[in-house]
Amino acid sequence: MRTIFFGVLTSFALAWFSVGQPALAAGGGPEAEADPFAEPNENAPAEAEPFADALAEDPGIELNLVPSNFNLNRSISFDDQGEPRHRNNQLSINFRCFYETDTKPLSYRDIEITSVITSAGEELEVDPNRQNRHQQQIHANRQRNGKPYFDIYVNLPAPSRHADEITELRGKLKMELSQGPERVLRFSPLSDYVDKKFRVTDMDDSPMSISLIEAHNNQPAMIEWRYARSIEPLIQEIKFYRRNGVEFEANRHGGNSDNTSRSQRFSVGPADDVIMVVRLFRQTRTVEVPFVVRDMPLPVAEPRGPRFDLAIATEPLGGAVGLEPVDGEVPVGPGAPGENDLPIIILE
């Protein structure tokens, strides 16, 4: 299986940012600092860059899809009269998608399988509604044999004609790539942000909030950090420090989410003695990457019972242990072939 393709840049997200320190606007939060790198008349409304400029640069992504699991499911359900009522014929494939790129991939979505051809020459009719369209985060520390990868799950109809393999599978997906350097949000001290809502001015005014959850039912008091769901792939790391700058490990207690926001909960102790630092990207770009995988064996019925290379038969008792005669010598004695002996049969 070999898959190497280059994506085509299709859109920009979170495109307007300043270069200075991240500024959090909130009651009780730090004031926005002047940006020494800002263009003149920085208070004027930002104008969108031409879309053609966004398409000018090839991101140079290389993907290599390796199948890790095939599951072929065929079933029939019957009604009360014993008549077939429903048939299920489904082929599910799990791929490990290894990638190489100069910029860090953050997430993928909108998997689309465009064609599947089996060794029997059958082209499977793929239902686009059965493919995964949701955004999935890519974890940079997930590696196999030293190479980073993420998983792709594909649902296909089972072949209706007997085939030993999928000759070719083609598809495409969209990937969110980081753009620009990593930055940090610094909540120092954390107590200045508790029970407040604020926006991040250089991240497209992304809304956030921090709230205090009181101790309840043997659960410790926790802080809950809520942020827009759209920026979740941009968040790379969260660390906590005491006022003296010493890092400590905060216990994580999950969180919750809805269609627009996500949250994470931590037990960190008194918030006025805590500094919370979030490492993240501010800017992304979306690329569409095609892929192709060839010569994938399908799960087919194996021959029942053990397999043999030769078939042999017994010999009479008292036979000599000798080799075949040399130079026309005629074998004699009890070891010589007799009329009741059976030959060795070699299976082709």
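Rule-based calculations on the coordinates, nothing more; no lab input. Keep in mind that what you see is a predicted model, and the values were worked out from it rather than measured. Virtual Cβ from ideal backbone geometry, glycine too; neighbours counted across all protein chains shown.
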Give a quick list of GluC sites (Glu not before Pro) in segment 146-244 that DSSP marks as loop, anything other than H, G, I, E or B, with at most 14 other Cβ atoms within 10 Å. GLU182, GLU214
Options SER188, ASN218, VAL277, ranked by Cα towards positive dipole end of segment 181-283, top entry (Cβ charges): VAL277
Cα-Cα pairs in segment 181-283 separated by more than 24 Å, as a whole percent of all pairs, come to 19
What trypsin sites (Lys or Arg not before Pro) in segment 141-223 are in a loop by DSSP, with at most 16 other Cβ atoms within 10 Å of the Cβ? ARG142, ARG161
Cα-Cα over 24 Å, subset of LYS147/LYS239; LYS104/LYS147; LYS197/LYS239; LYS104/LYS197; LYS147/LYS174: LYS147/LYS239; LYS104/LYS197
Report, in debye and to the nearest 20, how large the dipole of segment 181-283 comes out about its Cα centre when Lys and Arg carry +1 and Asp and Glu carry -1 on their Cβ. 120
